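Taking it in order: structure first as structure tokens, then the write-up.
Values quoted throughout were computed directly from the atomic coordinates according to the rules given, and no laboratory measurement underlies them. Remember, predicted model here, so these are calculated numbers, not experimental data. Methodologically, a virtual Cβ is constructed for each residue, glycine included, from the backbone with ideal geometry; neighbour enumeration extends over all protein chains shown.
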Amino acid sequence: KVVYEYIDDLNPHLAGTDELPVNVREKYEKTMKEKDSIVVVTADALQRDVLSKRGDSHLVFSCNGVDYNHFHNEIDPDFKFEKEFAEILEKGQPMIGYYGALAAWVDYDLLKRLADNEKIQLILIGIEHDDSLKKSGLLDYKNVKYFGKKPYESLAGYVHFWDVCIIPFLINDITKATSPVKLFEYMAMEKPVVSTALPECLKYTAVKIAQNVQEFVSLVEECKDDCKDEKRKELLKKCAWENDWSVKAAELKAYMGEWEKNER
């Protein structure tokens, strides 16, 4: 029995190459031909691709999710920040944050427009997937701080102090097929979320969606006080809990149980 997890557009840039690795292409093509395997997709765009190639046979939709308790619970009081982050906290300026890959699908021009407002601090955490961050010129801004890659266990400690969490992606084939894990992690922290118009983010009324750069900047400004909005916090918490990994696992387990029973 085979379960094929289809979680991203088959784009070589995701692997940091110019051509898709042969083994990735072969597994995809084999799965699209053989309808006995289960295909789990995480985004509507990926589901449409599967439907066009093998129909709805053994097709399961399950977007990405979150370890709710890990992100929702209070941070460790003994958590130690680097000196530079502590200094930013002391300034008391609104903190706008993003964590994830710093890659070509990030809209650096949008981030520079945000950083034009010197009254905010823009915080970036994550791995440099390519040289796009370095080439963007974003790090030349005094109110932009990049803290590199951080352990999964420490992410909530940083996000705890952010006023607005952002998903500043360009709209392309990669991001149209993306179900951002960070979306649900931000939600579990009950933080205001502003995103570009990613199809998988458009599904959630708790998320503020910007159709262009100016709207993104305006929404971030509007959301700086939303961290105190109890109604929105409840909505974010509800969305996060409904997408806890335990819920995803139970749904898939139930489907596979029925599948095995029918195969006997």
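By its C-alpha gyration tensor, with a ≥ b ≥ c as the square roots of the eigenvalues, how is region 175-217 shaped: rounded for a/c under 1.5, else prolate for a/b larger than b/c, else oblate? Cα axes put region 175-217 in the oblate bin. Judged by the ratio a/c of the largest to the smallest principal axis of the C-alpha gyration tensor, region 147-240 counts as rounded, that ratio being less than 1.5.
Projecting the Cα atoms of Leu236, Ile38, Leu133 onto the charge dipole of the chain (Cβ charges, centred on the Cα centre) puts Ile38 farthest toward the positive pole.
When you restrict to C-alpha pairs under 8 Å that are six or more residues apart and normalise by the size of the chain, the relative contact order lands at 19 percent. In this Cβ point-charge picture (+1 for Lys and Arg, -1 for Asp and Glu), the chain has a dipole of about 300 debye about its Cα centre. A viscosity of 1.002 mPa s and a temperature of 20 °C, combined with the Kirkwood radius over C-alpha pairs in the Stokes-Einstein formula, give region 108-264 a diffusion coefficient of 124 µm²/s. Ordering Val220, Val60, Val24 by Cα displacement along the dipole of the chain toward the positive end leaves Val60 in first place; charges were set at the Cβ atoms of Lys, Arg (+1) and Asp, Glu (-1). For region 1-68, the calculated P(r) over all alpha carbon pairs, in 5 Å bins from 0 to the bin holding the longest distance, is 3, 16, 27, 24, 18, 9, 3, 0 percent. The Asp109 and Ser52 beta-carbon pair, evaluated with R₀ = 22 Å, returns a calculated FRET efficiency of approximately 0.05. If only the Cβ of Lys and Arg carry +1 and only the Cβ of Asp and Glu carry -1, the dipole of region 1-142 around its Cα centre is close to 420 debye.
Pairs spanning more than 26 Å between alpha-carbon atoms, out of Lys35/Lys203; Lys150/Lys191; Lys182/Lys238: Lys35/Lys203. Using the Cα coordinates of region 198-263, the gyration tensor eigenvalues translate into equivalent-ellipsoid semi-axes of 36, 16, 6 Å, sorted from longest to shortest.
Give me D for region 103-162 in µm² s⁻¹, whole number, from Stokes-Einstein with Rh from the Kirkwood sum over alpha-carbon pairs, 4 °C and 1.567 mPa s. This corresponds to a translational diffusion coefficient of 105 µm²/s. Listed values (1) 22.4, 72; (2) 19.7, 65; (3) 18.0, 58 include one computed from this model; for Rg and Dmax of the Cα atoms in Å that value carries the label (2). Considering only Met32, Met189, Met95, the Gaussian network model of the chain with Cα springs below 10 Å gives its largest mean-square fluctuation to Met32. Secondary structure note: in the chain, about 5% of the DSSP beta bridges are antiparallel. Tally Lys/Arg at +1 and Asp/Glu at -1 over every other residue whose Cβ is under 12 Å from the Cβ of Asn11; what's the total? Summing Lys and Arg as +1 and Asp and Glu as -1 gives -3.
Length gained on full extension, Leu170 to Leu59: 37.1 nm, using 0.36 nm per residue less the C-alpha separation.
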